[in-house]
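Contents: one structure, followed by commentary.
The values are calculated or read from the model by the stated rules, or taken from the named source; none is laboratory data. Bear in mind that the values here come from a model prediction, so they are computed numbers and not experimental data. With ideal geometry, Cβ positions are generated from the backbone for all residues, glycine too; neighbour counts draw on all protein chains shown.
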């Protein structure tokens, strides 16, 4: 039977079929023959599937396509199925996958279902993103032990408050996510700005599948293999390493390098970081140009991260302490 917390979202079997890409007849068989779901039934005998049923259907579909018999997995709960899915993914590499997909921890069952749906796969290739953990809400996420070390944290909340910001920051400190994206419905502007200043990517609903896919694309390196040649590991662009204050201090240091590399590189990083932020703001405001701004944000973020690595090499050569507080 499906386990999980109650959800306000309920789907008729036709909607569940459309969301998961599983035929109505198959969903009925999985329910009646194998006991995979326990949908609520109305007085008119209409089946109503909860979000946790959608999650389970998506995982059963994924696992059955990799060779698992429904009869052997239908009774498992969501946590067991997701663990199997992660194990199956690590042992069944597709020819199209050039490297490990970006790992994603999602807070919000409906958002996880959305990303794993057939419709979302059309906006973003599934071998680029792999959900490793799904947490029902921030309360459950705060004490959760994640199965791996996800690179990206994606959070869906209804209302942003200072306490929500604090909870998310605590999760980031605990699990060391490379990037964090927060989707919300309502929030005071002061809280939104505070979250942006702390390095989070914040976007207000409504957001379409294509826009969400572009948002995820905007945190990925343009060319992972090329980036790794310059000392950057992974496929996700890291947040800024150095503040404008630190870069300004480095730019003003006299060095033994004849060509003033520290100043030029520090200034480039500052300019790229500004354009990266500008592109992100444009991505948030203009849905029509989302693809262009996601690309520009990824390009500028990739360049900024690579130049930060270059600055570290220069600093090591010149004996510059990049972490020294400005005086």
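Among the residues of the range 31-54, those identified as touching a helix residue (DSSP H, G or I) at 6+ places or on another chain (Cβ under 6 Å) and closer than 14 Å to residue 73 by Cβ are 34, 36, 37. In the range 209-219, what residues are more than 13 Å from residue 292 (Cα to Cα) and modelled with pLDDT under 85? 209 - this is the single residue of the range 209-219 that is more than 13 Å from residue 292 (Cα to Cα) and modelled with pLDDT under 85.
Summed over the range 272-292, the residues that are surrounded by 15 or more Cβ atoms within 10 Å (Cβ to Cβ) and modelled with pLDDT of 85 or more give a count of 6. Restricted to the range 1-67, the set of helices (runs of 4 or more DSSP H) holding at least 1 residues that are within 27 Å of residue 130 (Cα to Cα), in the same structural domain as residue 137 (by TED's automatic domain parsing) and modelled with pLDDT of 85 or more is empty.
Has the range 73-81 got at least one residue that is in a strand (DSSP E or B), crowded, with 19+ Cβ neighbours inside 10 Å and either over 20 Å from the mean Cα position of the chain (by Cα) or modelled with pLDDT of 85 or more (or both)?
Looking only at the range 73-81, we keep the residues that are in a strand (DSSP E or B), and these are none.
Checked against the condition, which is being in a strand (DSSP E or B), crowded, with 19+ Cβ neighbours inside 10 Å and either over 20 Å from the mean Cα position of the chain (by Cα) or modelled with pLDDT of 85 or more (or both), the range 73-81 yields no hits at all.
Look at (1) at pLDDT below 75; (2) in a loop (DSSP other than H, G, I, E, B) and you find that residue 225 fails only one, number (2). Scan the range 96-109 and give yes if some residue there is at pLDDT below 80, surrounded by fewer than 20 Cβ atoms within 10 Å (Cβ to Cβ) and either touching a strand residue (DSSP E or B) at 6+ places or on another chain (Cβ under 9 Å) or over 26 Å from residue 236 (Cα atoms) (or both), otherwise no. The answer is yes; a qualifying residue exists.
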